[in-house]
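Throughout, read-outs are computed from the coordinates displayed, never taken from laboratory work. As the structure is a computational prediction, the values presented were derived from the model and not from experiment. When we count neighbours, we look across all protein chains shown, and the Cβ atoms used for this are built from the backbone with ideal geometry, even at glycine.
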Amino acid sequence: MSKRKLSKQQLARIAENQQKELGSKQNGSTDTAVQNKCNGRIIRHYGQHLDVESLNPDEAGRVIRCSQRANLPKLVTGDLVVWAQDGLDAGVVVAQGQRRNFFGRPSPDGIFKPIAANIDLVLVVFASTPRPHVSLIDRYLVAIEQLNLRAVLILNKLDLLSTQELENLDNILSNYRKIGYSLYKVSANDGRGIPELEQALAGKTTILVGQSGVGKSSLVNKLNKDNIADVAALSETWERGTHTTTTSCLFHMPGFDLIDSPGIREFGLGHIDQGQVFDGFIEFRPFAGQCKFRDCSHRQEPGCAIQAAVESGQISGERVESYFRIVDSLNEIA
Ligand SMILES: Nc1nc2c(ncn2[C@@H]2O[C@H](COP(=O)(O)OP(=O)(O)O)[C@@H](O)[C@H]2O)c(=O)[nH]1
Ligand SMILES: [Mg+2]
Ligand SMILES: [Zn+2]
C-alpha cells in the first residue's frame with residue numbers, strides 16, 4: 001500500500017514542479033489565467049518549430065507554424081498553448097496551458113521526456129510480426145500505469161495469423177483481459193475489428209505506441225475514413241525523414257483524435273523504481289503489503305502473498321516472471 005501511495009505522491013510532485021516552473025516563467029500570470037487564454041493546440045513539432053492548430057472560433061483548425069518563447073519548457077504534441085501572430089504566416093507560442101497528463105519515455109541517458117500531452121487513452125499496438133514480446137507489453141503497461149493513463153491493447157495484422165497461431169496468441173492475451181485490460185484484435189489491411197476499435201476511441205484523444213513496424217501509422221490511415229489522402233501524405237513525409245526529429249503527430253479523425261508516435265526498438269524504464277514496477281502489474285496491487293516480510297522480493301521468501309496468489313491461480317506465473325525480468329533489468333541499469 002505504501003508503495004502505491006509513494007508513486008502517486010511522486011507523480012503529484014512532478015506535476016506540481018512542472019506547474020511551478022511554468023507559473024514562474026509565465027510573467028507571473030496564474031495557471032487559470034493562462035488556461036483561459038489558450039487559443040491553440042500543438043499538433044506536431046520538429047526542431048525549433050511547432051505546428052499549432054488555432055482554437056480561435058473565427059479560424060478554428062487553421063495551422064500556424066510557430067516558434068516558441070525561449071522562457072518556455074519543451075512543449076509536446078497535445079499541449080494547449082497561448083500563441084500570437086508573428087508576421088503573416090507565422091506565430092509565436094507565448095505560454096503553455098496546464099497539462100492534464102502526459103505520455104513519455106526516458107531518453108537513452110535516462111532522462112524522462114514527455115512526447116504527448118492531454119490524452120485519454122494509450123493504445124499499445126503489437127502484431128504477429130514483429131513478434132509480440134510479453135516483456136515489451138508489460139514494460140509499456142508499467143510506464144502507462146505509472147503515469148495514471150489508461151491502456152488498451154491492440155493486436156494488429158490479424159490477417160497474417162493462421163487459426164493455430166491465433167489460438168496460441170490468445171492464450172497469452174486472454175490473461176490481459178482477465179486482469180482488466182481491453183483488447184482489440186484488428187487488421188489495418190482488411191479492416192477486421194476496426195468498427196469495434198472505433199467505438200472505443202469515440203470522443204477521445206488517443207496515442208498509439210508500440211514497436212516500429214507493428215502498423216501504428218497503417219491503423220491511423222485505416223481509421224481515417226474521411227480524409228485518407230491527407231493522413232497518408234502527412235505521415236509519409238513525416239516518416240520518410242523530412243521531419244525526423246518529430247516525436248509525435250496529432251490527426252483529427254471522424255469523432256476522435258489520434259496521436260501517432262514514432263516506433264522504438266526498446267522501451268526503457270530508467271525512470272521507474274521497483275515499487276512502481278509492482279504497481280504497474282495491476283493485478284498484484286491487492287496483494288501489496290500482504291507478504292510476511294516487508295521487503296519481500298516475491299521470489300522464495302516464506303509467507304509471500306504473490307507466490308500464494310500464483311499457486312491459487314489468482315495471478316499468472318508468466319506475469320510474475322515478467323515482473324522479475326523487469327526488476328532485474330532495473331538493477332542492471334543501476
Ligand atoms: N498484413 C498486414 N500488414 C500490415 C497491417 N498493418 C500494417 N501492415 C504493414 O506493416 C508495415 C509497417 O506498418 P506501419 O504502419 O508503417 O507501422 P508503424 O511503424 O507501427 O507505424 C507496413 O508494410 C504495413 O503495410 C495489417 O493489418 N496486415
Ligand atoms: Mg509509423
Ligand atoms: Zn512477496
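A few points about this structure:
- Using the Stokes-Einstein relation with a Kirkwood hydrodynamic radius computed over Cα pairs, the translational diffusion coefficient of region 281-333 at 4 °C and a viscosity of 1.567 mPa s comes to 114 µm²/s.
- A simple spin-label model places the labels of residue 55 and residue 312 4.8 nm from each other, with each point 7 Å out along Cα-to-Cβ.
- Panel note: the C-alpha atoms of region 21-169, placed on their principal axes, show extents of 60, 31, 26 Å (largest first).
- Whole-number D in µm²/s for region 102-260 (Stokes-Einstein; Kirkwood sum over Cα pairs; 10 °C, 1.306 mPa s): 98
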